[in-house]
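What follows is a set of notes on a single structure, which appears directly below.
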Amino acid sequence: MALVEIRDVHKSFQRGSEKIDVFAGLTLDVPQGSFTALMGPSGSGKSTLLNLVAGLDRPTSGSITVAGAPVSSMSPGQLAPWRARHVGFVFQQLNLLPVLTAYQNVELPLLLTRLSRKERDERVRLALDVVGLSDRIKHFPRQLSGGQEQRTAIARAIVADPTVVMLDEPTGQLDARSSQDVLALLRRLNQEFGKTILLVTHDAHAAATASTILHLDKGVLVEREKAAVS
Amino acid sequence: MKYVRLVLANLGRHKWRTFLTTAGIALALFLFASLRTVVTTIAATAQWGGARRLVTLNATGIVFPLPLNYAERLRAIPGVTGVTWANWFGGRYGDNKRFFGQFAVDAESYLAMYPEMSVPDDQREAFFREKGSAIVGRRLLDVFGWKVGQDVTIQGTIFPGDWTFTVRGVYTPTDKVLNDDMMIFRHDFFDEKIGRAGIAGWYVVQIDDPDHAGRIAKAIDDLFRNSSSPTKTGTEQAFNASFATMWGNVSLLMGTIGLAVVFAILMVTANAMMMSSRERTREVAVLKSIGFPDRVLFGVVMAEAAVITLIGAAVGLGVAKVLYQAANFNAAGFLPGFSVTTGTLVLGAGIALLLMLASGLVPAIQAARQPIIVALRRVE
C-alpha cells in the first residue's frame, strides 16, 4: 500500500529570466513501512522532491498525497498542523536550536500537542533513549558532536510518532563513524519501530542502508533497485 | 505558557545584547519621563496661585518698587480682605553654588496670606518677636545643615553688605508646587538696614471672591493710575504664569531635543531587536518544518519584543518616578514640585507599546509569512 503517492508532478523555478524545470511529470509511490533512499547527482531534484512531499514546497502542477492527505493542495495553515502530526524532518545541518538543550529541542514538536508536561517528558526521554543520548539531555548543541546533533534531530523527528520520517543528507557532514551510527539508527527505526523513512543522499553507502533505492537524474526517475540490506 | 521557555531562551541567546537593548529602552524612557516632567512642572507652576489672591506690581516693571503707603489705600478698596507686601533681596550664601531666593516680607500679614506655608506656632511667634530673624524652607535646612537658632550670613548683591539672620522657623509647603527652599525675613529689618523705609517690591492682595478679581484689579489700577507709581494688577496665577513664560523656549527646546534623543535611542534599539530576529531565519524555518504554525511564531517574536520593551519601560519610568521622589528633586528650587505625573507614566507606557509594535511587528510578520523553502535557501 502506497503511503506517498506522487502523480505527474511538475516543478519549475525561475532563476532570473531562465526557467528551470526540476520535474516534468514525475510519478512515484512510496510504500508504507518502507525505507527508501533517493539518490542522484547534485541538481537531480532529490531535496526538492523531499521538500514537496513534506509540504515545505509546492509543485507547479500535479498531486502529492501522503497517508491520504492532499499535501500539494493544502494551504500553509493546513500544512503546519499536518506536518506536526505526520512528518518528522531532518536537515543536513543546523537542525537544532542552539539556545535549547537536547531535551528542549526534542520536546519542540510535542509543544504543539495536547500532551501534559509529564507525558511530554516521558516521550522525550524515550526518544532520546532510542537514539542513545539519554546521558546528553542537558547538553546544548554546541556541546554535542556532529553525530550526536544528528541523532538528537532524529529523536526530535520521531518523538511525536510521525507517519513518515524524511531526512535530507543527514550524514553529509558527518565522519564515517558518526555516519554509521546514524544509519544504524535509521535502520532500527524502520525495522524495529516500523517507521516509513525517506532518505535523500548522494552517498551510495548510506543509500545501501535503505530497502529501496530510487535514482533520480534531472528530475527523472531512472532506476529503482532493491538494496541488499547490510 | 508552553512557549515561555522558547521566548526566554531566545532572549538569553545574546545576553549582553539583550541587556543593552533593554537598558537603551530604559534610558530612553527615563529621559522622556525626566524631560516631560520639566515641562509639566513648569506648566503646573504657571497654573499655581491662590484664586483669592491678586498681585500688584509697579506698572513700569517688577524691578521698580511701590510706595509702602499704598497698603492702607488697598485695604480700603471694597472686596479687599487682606494686604501684604514683599521685596526680592537677591543675596548669596557661602560659595553661591546653591542658589535660593530670599524675600523681605511683612511678617504677620505675609504668613496670614500664605497658609500653604506651614510654620509651627512657637516658631511663628519667635519670627514675629525678633526683627533679625528668618524663616527658611525645610529643604534649605537640609541642604545647608542649618539648625533653628543658628545665625546665617547672606551677602547682599542688590543691597550690598553682610546680612546676618537668625533662623527662627522652618516652613513646610502644604502644596507641592510651592517652593520649599526660600528664605523670608522681616521687611522692617530690611527697611532699617537699607535706611530707606517705605518701599515694597510688590503687593499681594486678598479678595473676598475670586469672581470679583477683574473688578478689584481694575479698581486698584484705577486708584493709582495718575500717581507717581501706577500699578499693574493681576491674579497671582497670571503673575506666576508670567514667570513660567520665561521658561517657554526652554520647555520647547527640552521637548524637541528630548524627543529627538529618545526617538534616536528607540530607533537604535528597535534595529537591534529586528537584527536579532533576522539572524534566526534558519531557526524559524526549522520550527516551521516541525509544524509550528505561523501564529505561534508570530506570538513568540512579539513576546520577545514585549519582554524587552516592557522591562525597559518599567525600569526607565519606575526609576524616574522613584528617584526624583526619593531625592526630593526640585532643580535647586527652580522646579518646585518636580514629580513624574501619572500622565507621563501612561504616555511612557504608550511609547513602549508603540516601540514593541514597531520593533516586533515587522520581524514577527516576516517570521510568520516567510515560506520555509525561501528561509532555508536564504541561509544555505
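Values quoted throughout were computed directly from the atomic coordinates according to the rules given, and no laboratory measurement underlies them. Computed from a prediction, not measured in an experiment: that's the story for all the values here. All Cβ positions, even for glycine, are placed from backbone atoms using ideal geometry, and neighbour counts span all protein chains on display.
Would you look at the GNM of chain A, springs on alpha carbons closer than 10 Å, and say which of A:SER47, A:SER134, A:SER116 moves the most?
It is A:SER116.
Where the centroid of each part is defined by its Cα atoms, how far is the range B:268-301 from the range A:1-49 in Å?
29 Å
With a bin width of 5 angstrom, please list the P(r) values of the range B:290-356 as percents of all Cα-Cα pairs, from the 0 bin to the one holding the largest distance.
4, 15, 18, 16, 13, 11, 8, 5, 4, 3, 2, 1, 0
Let me make sure I get this right: for chain B, a, b and c are the square roots of the gyration tensor eigenvalues over alpha carbons, sorted descending. Under 1.5 in a/c it's rounded, otherwise prolate if a/b > b/c, else oblate. Which is it?
Verdict is prolate for chain B.
In Å and whole numbers, how far do the C-alpha atoms of the range A:2-226 stretch along each principal axis, longest first?
48, 39, 37
Modelling each spin label as a point 7 Å along the Cα-to-Cβ direction, I'd like the A:ARG7/B:ASP122 distance in nm, to one decimal.
The answer from the label model is 10.4 nm.
Exposed loop sites here are trypsin sites (Lys or Arg not before Pro) in DSSP loop states with at most 15 other C-beta atoms within 10 Å. What is the longest stretch of chain A lacking them?
It runs A:1-113.
Name the lysines eligible as straight-distance cross-link partners of B:LYS232: C-alpha to C-alpha under 22 Å, and not fewer than 8 places from it in the same chain.
Cα-Cα hits under 22 Å: B:LYS218.
If you take every residue apart from B:VAL83 with its C-beta less than 12 Å away from the C-beta of B:VAL83, what net charge results, scoring Lys and Arg +1 and Asp and Glu -1?
On the way: positive: B:ARG53, B:ARG73, B:ARG75; negative: B:GLU72, B:ASP106, B:GLU108.
With Lys, Arg at +1 and Asp, Glu at -1, the net is 0.
Could you work out the helix-only [θ] at 222 nm for chain B, with each DSSP H run of four or more residues adding -39,500 (n - 2.57) and the total divided by the number of residues, to the nearest 500 deg cm²/dmol?
Calculated from helices alone, the mean residue ellipticity at 222 nm is -18000 deg cm²/dmol.
Computed FRET efficiency, Cβ-Cβ of B:LYS15 and A:THR212, R0 60 Å: what is it to the nearest 0.05?
E between B:LYS15 and A:THR212, to the nearest 0.05, is 0.80.
With unit charges on the beta carbon (Lys/Arg positive, Asp/Glu negative), name the residue among A:PHE91, A:GLY172, A:VAL222 whose Cα is farthest towards the positive pole of the charge dipole of the range A:85-230.
A:PHE91
To the nearest Å, what is the center-to-center distance of the range B:179-258 and the range B:70-84, using C-alpha atoms only?
One Cα centre to the other: 15 Å.
In terms of Cα to Cα distance under 25 Å, which lysines are near enough to A:LYS138, apart from those fewer than 8 places away along the same chain?
A:LYS118, B:LYS2, B:LYS15, B:LYS288
Helix A:76-86 versus the longest principal axis of chain A: what angle, 0 to 90°, nearest 10, using Cα atoms?
The angle comes out at about 60 degrees.
If each residue of separation counts as 0.36 nm, what is the full-extension length gain between B:VAL346 and B:ALA219 once their alpha-carbon separation is subtracted?
Taking B:VAL346 through B:ALA219 to full extension adds about 41.2 nm, to one decimal.
Give the lysines whose C-alpha is closer than 18 Å to that of B:LYS321, dropping any in the same chain fewer than 8 places away, or say none.
B:LYS176
Which length gain, in nm to one decimal place, applies between B:ASN96 and B:ARG377 when the Cα-Cα distance is subtracted from 0.36 nm times their residue separation? Let's see the in-between values first.
On the way: separation 281, 0.36 × 281 = 101.16 nm, distance 6.93 nm.
Full extension of this stretch gives 94.2 nm more.
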